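Comments concern the structure below.
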Amino acid sequence: MIIGIPRETRAGETRVAATPETVKKLAASGAHTLVVEAGAGTESSLPDSDFQAAGARIGSAEEAFAADIVLKVRAPGADELPRLKRGAMLIGLLNPFDAAGLASVAATGVSGYALEWLPRISRAQSMDVLSSQANIAGYKAVILAANTYSRFMPMLMTAAGTVKAARVLILGVGVAGLQAIATAKRLGAVIEASDVRPSVKDQVESLGAKWVDVPYANDEERKIAEGVGGYARPMPPEWMARQGELIHERCKSVDILITTALIPGRPAPKLIKAATVAVMKPGAVIVDLAVEQGGNVEGSALDQIVTKNGVKIVGFGNLPALVATDASGLYARNVLNFLALSLNAKSGEFAVPKDDEIIKATLVCENGAVVPKS
Ligand code: NAD
């Protein structure tokens, strides 16, 4: 088999779907040829020479896309789709929520596997790209906030007087939110956090943050809040209104607000209205991690820092790409583990286990058609 690793061409995308480490493992059996597009790893500080030393051949974009198995971070662009070979296996973040985009990938005749749809079962944890990348995003959100904030994060007692610790509020405590708490804690901030799912409270408290409780008015609200498959569901407007009021009050004393709330396949819930931004202190910083899904914060703008009444709203869309080397390293290992379902790295044997729960969940197109999902 030929395994191709094209260079990512989407604006701002610095990651690459394989690293010298994973290439070496894939090349180990001698049964497969690895073709890495020239410069594919440059923005992740992974030079062509390292890929070559790991056993890959450096080739053109055409050669990398014409492989039997193509490893990508993002879905190929319109100009790249014609380079794919009918019947090839395409693995990446194919954005299955974009119906038109998915249809155009399907039209190439590839078997497309969208890693967004990996089931949240323990066997798939080592392949879970959403978790590995959200972890990085949560870390980088805090670093960006600290960099944008014009005060210290920790409490300091100096000869010139005492500096107060920053008060950080984190809304949405999944993988990214938990890492944001851990990172802000290391920087010495005082942290509060909230989520719709009640199971998160213990995790928040074990990281040393205070849980902000938005009570449920009835059993129905509590049931919805538990979510499904580890993911949140949209909450009723009454709960959202109560959450909005409580957070509005909290925001009056918050220095840094980090929002990470997402609901798969839907626009991000709007948690912070313009009126809440208006009551925040001048110099406060908001980082909206959900900006690519429409944003949790009214007024956040993709890849911009917007200032409203002295409050800076950071809306960078692809935070993992700002930590390119580690983001690529973890992503590539996730992809390698996914590929291991079909490819035995030692013997080189290749057979896709069509009945495997993970394969079935992620297969989004095949034989020229989109695979319908229930
Ligand atoms: P996500 O990125 O889809 O959402 C981020 C957070 O936003 C979630 O915690 C969600 O509950 C929260 N949220 C949604 N709407 C909200 C609202 N209106 N107000 C406040 N918060 C809101 O989620 P994620 O980080 O990918 O993971 C969610 C959970 O799944 C985590 O608890 C994680 O530990 C778990 N998980 C399990 C596995 C596994 O078992 N294999 C793998 C990965 C993650």
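Quick notes on this structure:
- Against the test of being in contact with an Asp or Glu (Cβ under 7 Å, 6 or more places away or on another chain) and at positive phi, the options G295, G315 yield a single qualifying residue, G295.
- Check on D255, of a type in the set (D, E), surrounded by fewer than 17 Cβ atoms within 10 Å (Cβ to Cβ) and more than 10 Å from the ligand (Cβ to nearest atom): no
- Among the residues making up the stretch 203-225, those that are in contact with a helix residue (DSSP H, G or I) (Cβ under 7 Å, 6 or more places away or on another chain), outside any helix (DSSP H, G or I) and surrounded by 12 or more Cβ atoms within 10 Å (Cβ to Cβ) are L207, G208, A209, W211, V212, V214, Y216.
- Residues being without any contact (Cβ under 8 Å) to a residue 60 or more places away in the chain, part of a loop (DSSP other than H, G, I, E, B) and aliphatic (A, V, I, L, M) - total across the stretch 264-283: 2
- So Y139, is it open to solvent by 30 Å² or more (accessible area, probe 1.4 Å), touching a residue at least 40 places away in the same chain (Cβ under 8 Å) and aromatic (F, W, Y): yes
- Residue count, the stretch 343-366 (criterion: touching an Asp or Glu at 6+ places or on another chain (Cβ under 9 Å) and over 18 Å from L93 (Cβ atoms)): 2
- Members of the stretch 226-237 found to be outside any loop (DSSP other than H, G, I, E, B) and open to solvent by less than 70 Å² (accessible area, probe 1.4 Å), listed by number: Y231
- Scanning the stretch 122-135 for any residue that is outside any helix (DSSP H, G or I), out of contact with any His (no Cβ under 9 Å at 6 or more places or on another chain) and more than 16 Å from the ligand (Cβ to nearest atom) turns up nothing.
- The one condition from (1) closer than 16 Å to A134 by Cβ; (2) open to solvent by 10 Å² or more (accessible area, probe 1.4 Å); (3) in a helix (DSSP H, G or I) that F316 does not meet is (3).
Table: residues versus (1) surrounded by fewer than 24 Cβ atoms within 10 Å (Cβ to Cβ); (2) at pLDDT 95 or above; (3) more than 13 Å from the ligand (Cβ to nearest atom); (4) part of a strand (DSSP E or B).
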| position | (1), (2), (3), (4) |
| --- | --- |
| L144 | yes, yes, yes, no |
| S150 | yes, yes, yes, no |
| A165 | yes, yes, yes, no |
| I170 | no, yes, no, yes |
| A176 | no, yes, no, no |
| G188 | yes, yes, yes, no |
| A193 | no, yes, no, yes |
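- The stretch 258-311, subset under 18 Å from R167 (Cβ atoms) and within 12 Å of the ligand (Cβ to nearest atom), residue nearest to the chain's Cα centre (by Cα): T260
- Pairs, first more than 10 Å from V110 (Cα to Cα) in the stretch 80-93, second of a type in the set (D, E, K, R) and open to solvent by 60 Å² or more (accessible area, probe 1.4 Å), C-beta under 7 Å, six or more apart: R83/E62
- Residue pairs whose Cβ atoms lie under 6 Å apart, separated by 6 or more positions or on different chains, with the first residue in the stretch 338-361 and under 13 Å from M1 (Cα atoms) and the second of a type in the set (A, V, I, L, M), are S342/V352; A345/A28; G348/A31; F350/M1; F350/L343.
- Residues that are of a type in the set (V, I, T) and out of contact with any Phe, Trp or Tyr (no Cβ under 8 Å at 6 or more places or on another chain) within the stretch 29-68 comprise T33, V35, T42, listed in sequence order.
- Scanning the stretch 204-216 turns up one or more residues that are more than 30 Å from R151 (Cα to Cα) and either touching a Lys or Arg at 6+ places or on another chain (Cβ under 6 Å) or near the ligand (Cβ under 8 Å from one of its atoms) (or both).
- Members of the stretch 54-85 found to be open to solvent by 10 Å² or more (accessible area, probe 1.4 Å) and of a type in the set (K, R), listed by number: R57, R74, R83, K85
- Test: residue in the stretch 46-53 that is charged (D, E, K, R), farther than 24 Å from P96 by Cβ, surrounded by fewer than 15 Cβ atoms within 10 Å (Cβ to Cβ) and modelled with pLDDT of 95 or more: no
- Of the candidates G59, G101, G92, the single residue that is more than 16 Å from the ligand (Cβ to nearest atom) and more than 19 Å from V371 (Cβ to Cβ) is G59.
- Beta carbons closer than 7 Å, at least 6 apart along the sequence or on distinct chains, pair a first residue in the stretch 235-261 that is touching a residue at least 24 places away in the same chain (Cβ under 8 Å) with a second that is buried (at least 17 other Cβ atoms within 10 Å of the Cβ) and of a type in the set (S, T, N, Q) for I247/T276; H248/T276; C251/T276; T259/N296; A261/N296.
The values are calculated or read from the model by the stated rules, or taken from the named source; none is laboratory data. Treat the numbers as computed from the prediction; the structure is a model and nothing was measured. Heads up, the Cβs are rebuilt from the backbone with ideal geometry, glycines too, and the neighbour counts pull from every protein chain shown. Areas reflect the complete protein model, heavy atoms only, side chains present, ligands, DNA and RNA absent. Shrake-Rupley method; radii C 1.70, N 1.55, O 1.52, S 1.80 Å.
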